[in-house]
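**Student:** Right, I'll just put the structure down here and ask away after.
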Amino acid sequence: MDVLSDVIAVMRTGQPRSARVAWHAPWAQRFGTMPGAAGLQVILQGPCWLIGPDGDPVQLVAGDVVFRPHGRGHTLADSPSTPPAALDCDPDDPRFLQLYVTDTVGVPTGTEAPSAVTLCGGYHLDPARAHPLLNDLPELIHLPAHLGRHPELRSTVDLLASEVERPRLGTDAIVPALLDTLLLHILRAWLDRRPASETTGWAAALNDPPTTAALQAMHRDPARPWTVATLAAEAGLSRAPFARRFTALLGQPPLTYLTWWRMTTAARLLRESDAPLHAVATRVGYTSEFAFASAFKRRYGTAPGRYRRTG
């Protein structure tokens, strides 16, 4: 996979979930802080307001997309002055343990349409496997609705809303795939909006062809016995300039990132497959199971076999 696809693949645990909610005014719902979680909201019908713990309320209109990658609490409401409901939205509520659900909040009067309709998606993240790209993301990514902008993202929203509202055969497989697709389009849009003047961080690295080439090579084949020289060759640079460039952009040397990626890949294989330890070791570039176990324990504080058993 490419680097951005791998960010999604390694970070989440379990299945992402989605809900379509019709809100009837007056309404205000608080979403509590959830460490190890990320959530997105798509406004299908609006307007409404997003009220965070810091800063001014943000008005949202139909077509807006917001992503909160760090699980911090926030409130959605029909007005900044509406007091929130007594209970926070609980993602462990039995109603929301399904992959997708529809709900109505408030009491409609007669044929009155809801004041807002939102489509939300939630991810549980494994902090031990969170890609460092996520650390560069702000508390809130807000993609306002603009005609003609991000057409792929808008198409994905339409497909996801349709599947959640009218589930059919295959929806169980389609919803998680569409949520992953939507998140990838959000990250793409955020990366595309980064100013060209940024000279460090993941946005800058992924817009730097030599660094991206080296990252893609490590992600494509973590088992290869990479050295700084062979990675520099992938980047089309000589050894020293490549090492300086990579370290300046990402804050760590290339082989340090390679070790992190190998251990992260190994952790995912241990949790999600029944491959024997020697096969996992080989997949991430270790010819010795003992050397692999030692490196894994340094990273996760436990042996690979125990890591797998403890779930």
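**Student:** Under 5 Å between amide H atoms, partner at least 5 residues away or on a different chain: which partners does Ala62 have, H built in plane at 1.01 Å?
**Tutor:** The answer is Gly46.
**Student:** Nearest 10 degrees, 0 to 90: what angle lies between the long axis of helix 151-165 and the longest principal axis of the chain (Cα atoms)?
**Tutor:** 60 degrees
**Student:** Ranked from the most accessible area to the least, with a 1.4 Å probe and all protein chains present, what is the order of Met34, Met263?
**Tutor:** Met34, Met263
**Student:** Let me ask another. Using only protein heavy atoms and a 1.4 Å probe, report how much of His278 is accessible, in Å² to the nearest 10.
**Tutor:** Result for His278: roughly 110 Å² accessible.
**Student:** For the stretch 162-225, which whole-number percentage of the solvent-accessible area (1.4 Å probe, protein heavy atoms only) is attributable to carbon and sulfur atoms?
**Tutor:** 53 percent
**Student:** Between Ser162 and Gln15, take the C-beta separation as r, use R0 = 22 Å, and let me know the FRET efficiency to the nearest 0.05.
**Tutor:** According to the calculation, E is roughly 0.70.
**Student:** Another question, if that's okay. Give the accessible surface of the stretch 17-76 per residue, rounded to a whole number of Å², with probe radius 1.4 Å and ligands, DNA and RNA excluded.
**Tutor:** That works out to 37 Å² for each residue.
**Student:** Read phi for every residue in the stretch 72-88 and hand back ³J(HN,Hα) as whole Hz from Karplus 6.51 cos²θ - 1.76 cosθ + 1.60, θ = phi - 60°, with x for Gly and Pro.
**Tutor:** Here the 3J(HN,Hα) series is 6, x, 7, 10, 10, 7, 6, 8, x, 8, 6, x, x, 4, 5, 10, 5 Hz.
**Student:** Give me the tail of P(r) for the chain as a percent: Cα-Cα pairs with distance above 37 Å.
**Tutor:** Every Cα pair in the chain considered, those over 37 Å come to 24 percent.
**Student:** Going by alpha carbons, how many degrees (0 to 90, nearest 10) lie between the helix axis of 254-272 and the longest principal axis of the chain?
**Tutor:** The two axes meet at around 60 degrees.
**Student:** Report the dimensions of the stretch 143-214 along its three principal axes from the alpha-carbon atoms, largest first, rounded to Å.
**Tutor:** On the principal axes, the stretch 143-214 reaches 47, 30, 14 Å in Cα extent.
**Student:** Give a quick list of trypsin sites (Lys or Arg not before Pro) in the stretch 232-262 that DSSP marks as loop, anything other than H, G, I, E or B, with at most 10 other Cβ atoms within 10 Å.
**Tutor:** none
**Student:** Moving on to the next point. Can you give me the C-alpha center-to-center distance between the stretch 124-167 and the stretch 1-68, rounded to a whole angstrom?
**Tutor:** Their Cα centres are 8 Å away from one another.
The values are calculated or read from the model by the stated rules, or taken from the named source; none is laboratory data. Computed from a prediction, not measured in an experiment: that's the story for all the values here. Reconstructed Cβ throughout: ideal geometry from the backbone, glycine too, with neighbour counts over all protein chains shown. Protein only, heavy atoms only, side chains kept; ligands, DNA and RNA dropped before computing areas. Shrake-Rupley method; radii C 1.70, N 1.55, O 1.52, S 1.80 Å.
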